[in-house]
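S.K.: I have a structure I would like to understand better, so I am pasting it below and will then ask my questions one at a time.
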Amino acid sequence: MLFHVRMDVRIPHDLPSDAAAEIIAREKAYAQELQRSGKWRHIWRIAGQYANYSVFDVKDNAELHEVLSGLPLFKFMDIEVTPLLRHPSAIREDDS
Ligand SMILES: O=C(O)C[C@H]1C=CC(=O)O1
């Protein structure tokens, strides 16, 4: 199943910078591993914001929840999920 996900990151200003840097490094490794696995299909920075638009390809809602709740930055994020399905007018064969 495909899901469009918006993540807005709100790291508290009083979090020490070395702690923030450590979480961000773990987040990057986690995100890149999920991209290599094919579960995190797209990630785009939203211009001018500490936020991204992503597309996940996972088995079901439960797997999406597991993946998202495992994000090292999860507790500092607002996350909005939109389930997707193939549009009847789509022509790209690999978009489902
Ligand atoms: O930077 C972000 O948008 C937040 C998060 C998502 C992937 C990643 O590496 O960091």
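The values are calculated or read from the model by the stated rules, or taken from the named source; none is laboratory data. Bear in mind the structure is a predicted one, so any value in this text is a computation, not a measurement. Backbone-built Cβ (ideal geometry, glycine too); neighbour counts: all protein chains shown. With ligands, DNA and RNA removed, areas are computed over all heavy atoms of the protein, side chains included. Shrake-Rupley method; radii C 1.70, N 1.55, O 1.52, S 1.80 Å.
S.K.: With a 1.4 Å probe and all protein chains left in place, how much accessible area per residue does the stretch 2-84 have, in Å²?
M.R.: Numbers: 5180 Å² over 83 residues.
On a per-residue basis, the stretch 2-84 sits at 62 Å².
S.K.: Quick one: Cα centre-to-centre distance for the stretch 26-61 and the stretch 68-96, in angstrom?
M.R.: What the calculation gives is 9 Å, centre to centre.
S.K.: Still on this structure, please answer the following. Could you please state how large a percent of the accessible area of the chain is carbon and sulfur, counting protein chains only and using a 1.4 Å probe? Write out the running numbers ahead of the final one.
M.R.: Values: 3700 of 6580 Å².
Solvent-exposed carbon and sulfur of the chain make up 56 percent of the total.
S.K.: Let me ask something else. Can you tell me the mean projection area, over all orientations, of the convex hull of the chain's alpha carbons? Units nm², please.
M.R.: Details: hull surface 27.7 nm².
Convex hull of Cα atoms, orientation-averaged projection: 6.9 nm².
S.K.: Excluding residues fewer than 8 places away in the same chain, name every one of the lysines whose C-alpha is closer than 21 Å to that of Lys28.
M.R.: Cα-Cα hits under 21 Å: Lys39, Lys75.
S.K.: Given only helices, namely DSSP H runs of n ≥ 4 each adding -39500 (n - 2.57), what is the per-residue ellipticity at 222 nm of the chain, to the nearest 500 deg cm²/dmol? Please report the intermediate quantities before stating the final value.
M.R.: Numbers: 2 runs with 30 residues, N = 96.
Result for the chain: -10000 deg cm²/dmol, rounded to the nearest 500.
S.K.: Also, quick follow-up: For every other residue with a beta carbon closer than 11 angstrom to the beta carbon of Pro72, add +1 if it is Lys or Arg and -1 if Asp or Glu, then tell me the sum.
M.R.: On the way: positive: Arg26, Lys28, Lys75; negative: Glu22, Glu27.
For residues surrounding Pro72, the net value is +1.
S.K.: Sort the following peptides by mean Cβ neighbour count (other Cβ atoms within 10 Å, averaged over residues), highest first: 2-10, 40-48. Don't skip to the answer; put the middle values down first.
M.R.: Values: 2-10: 16.6, 40-48: 12.0.
Output ranking for 2-10, 40-48: 2-10, 40-48.
S.K.: Let me know the charge dipole size of the chain about its Cα centre in debye, to the nearest 20, where only the beta-carbon of Lys, Arg (+1) and Asp, Glu (-1) is charged. Each step should come with its number before you reach the end.
M.R.: Details: 12 positive and 15 negative charges, 37 e Å.
Charge dipole, the chain, about its Cα centre: 180 debye, nearest 20.
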